[in-house]
1. About the Cα centre of the stretch 161-324, how large is the charge dipole given +1 on each Lys and Arg Cβ and -1 on each Asp and Glu Cβ? Please answer in debye to the nearest 20.
2. Please list 3J(HN,Hα) in residue order for the stretch 21-32, calculated via the Karplus relation 6.51 cos²θ - 1.76 cosθ + 1.60 where θ = phi - 60°; whole Hz, with x for glycine and proline.
3. Scan the chain and note any complete DSSP helix (H) whose C-alpha atoms cover at least 20 Å along its axis and whose Kyte-Doolittle average is -0.5 or more.
4. Of S194, Q249, M298, which is farthest along the charge dipole of the stretch 161-324 in the positive direction, counting Lys and Arg as +1 and Asp and Glu as -1 at C-beta?
5. Please sort by residue number the GluC sites (Glu not before Pro) in the stretch 195-292 whose DSSP state is loop and whose Cβ has at most 15 other Cβ atoms within 10 Å.
6. Which pairs in the list K168/K297; K153/K297; K17/K241; K241/K297; K17/K278 are over 19 Å apart, alpha-carbon to alpha-carbon?
7. Using only the Cα atoms of the stretch 1-145, each taken as one equal point scatterer with no solvent, compute I(q) by the Debye sum, divide by I(0), and report log10 of the ratio at q = 0.11, 0.13, 0.14, 0.21 Å⁻¹.
8. Averaged over all directions, how much area does the convex hull of the C-alpha atoms of the stretch 161-324 cover when projected, in nm²?
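Just so it is clear, none of the values below were taken in a lab; they were calculated from the coordinates. Just so it is clear, the structure is predicted and the values come from calculations on it, not from any experiment. Cβ sites come from the backbone with ideal geometry, for glycine too, and all protein chains shown count toward neighbours.
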Amino acid sequence: MNLTVQTPDERLAALAKPVLEPVTQFELTFDDWLVVCAGFEDRALGVLQNAASRRDRFNVVIIDYRPFAPENRLNAIRSICQSAHLNAIEVLYDREEPAGFGAALLGRLSPANGRIFVDVSAMSRLLVMQTLVALGSRSVGFTDCFVAYAEAKNYPPTREEAEAELAKCESDPTFSILFLSSGVFEITVVPELSSAAPAAAQTRLVAFPSLDAHQLTALRAEFQPSRFSFIEGVPPSAENKWRQQVISQLNCLNEIQDAERIQTSTLDYSETLDALLKLYSEHAVRDRLLVSPTGSKMQTVAVGIFRAIVKDVQIAYPTPRGFCKPSEYTLGIGPLHVLPLSVFSNALKIGAS
């Protein structure tokens, strides 16, 4: 008889990770629910439009972002639901006061007795985290849950725009580069993503450097970490590989001594999940792990799955102050994907193998 009891991270590491699968057509039925966020990106409509095109009725939870932004696609989402005769209910999400949203979402989903699809395409990283951790907290865990994801066709800025901004910064140290978001509103730590673990002697910041260098600067100033692990995103498209080097330059990563640097795909979530598990096994005994999910959407999905199961990790998010050009944050609707989450429920069961 095997009396070995695995820890949550060991159970998660032992699972065969499901693959992010391409989707031509989402096929939702009467008992299914789609959680969609009324963000300002074109791809906020991608999954809903695709699923509604079959004219099969299903249920929709619309997340209404606050503070109000005129570019948000709330009315377009309402119109699609009305035209397709979908059962739609709404829930508010306040970017400036996000605590407790997971419980509010589960309340809206309480009638659900079918599958739950969460469209992360237009969600903020913190919202992705709160949603996935909330789903994992249910008595059935992630059973019959799926992540839906629409890539964008284009991801500004262009290489030429980025290099021009970097040149300005090098010639004028006071010049502030603002590609997508404009600074940091505050470092957000919500109770449902906090860690109850005793504080270790030192803090290790696990960060995903981004095009907004203010995010990493704010995190370093707020927490004064003594150790760093940077997970750098590798775009799946060869034409976007330059972004990794630009992000490194923007965040001055080469100047941060003894920083651990890891590369994972911005699309293949499993690479990031494996990296987080490795970081945890190597550092969690000595360090307090502080994870800031500012990478790609699918990297953030990996952090959400990880945190839903490994609970002694602190999540901190540098909430953007605003967005420079909401209508140009990303452009177009690219390929659609789905990720089944049910298998991760096995890691939520105490003593599961």
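1. Details: 14 positive and 20 negative charges, 94 e Å.
Once rounded to the nearest 20, the dipole reads 460 debye.
2. 9, x, 10, 8, 9, 7, 10, 9, 10, 4, 8, 8
3. Numbers: long enough: 269-283 (21 Å, -0.37).
Taking the DSSP H segments of the chain (at least 20 Å long, mean hydropathy at least -0.5), we get 269-283.
4. Of S194, Q249, M298, it is S194.
5. none
6. Working: K168/K297 29 Å; K153/K297 15 Å; K17/K241 26 Å; K241/K297 17 Å; K17/K278 15 Å.
The pairs that break the limit, which is 19 Å between Cα atoms, are K168/K297; K17/K241.
7. Evaluating at q = 0.11, 0.13, 0.14, 0.21 Å⁻¹ gives log10 I(q)/I(0) of -0.45, -0.61, -0.70, -1.42.
8. Working: hull surface 38.4 nm².
That works out to 9.6 nm², a quarter of the Cα hull's surface.
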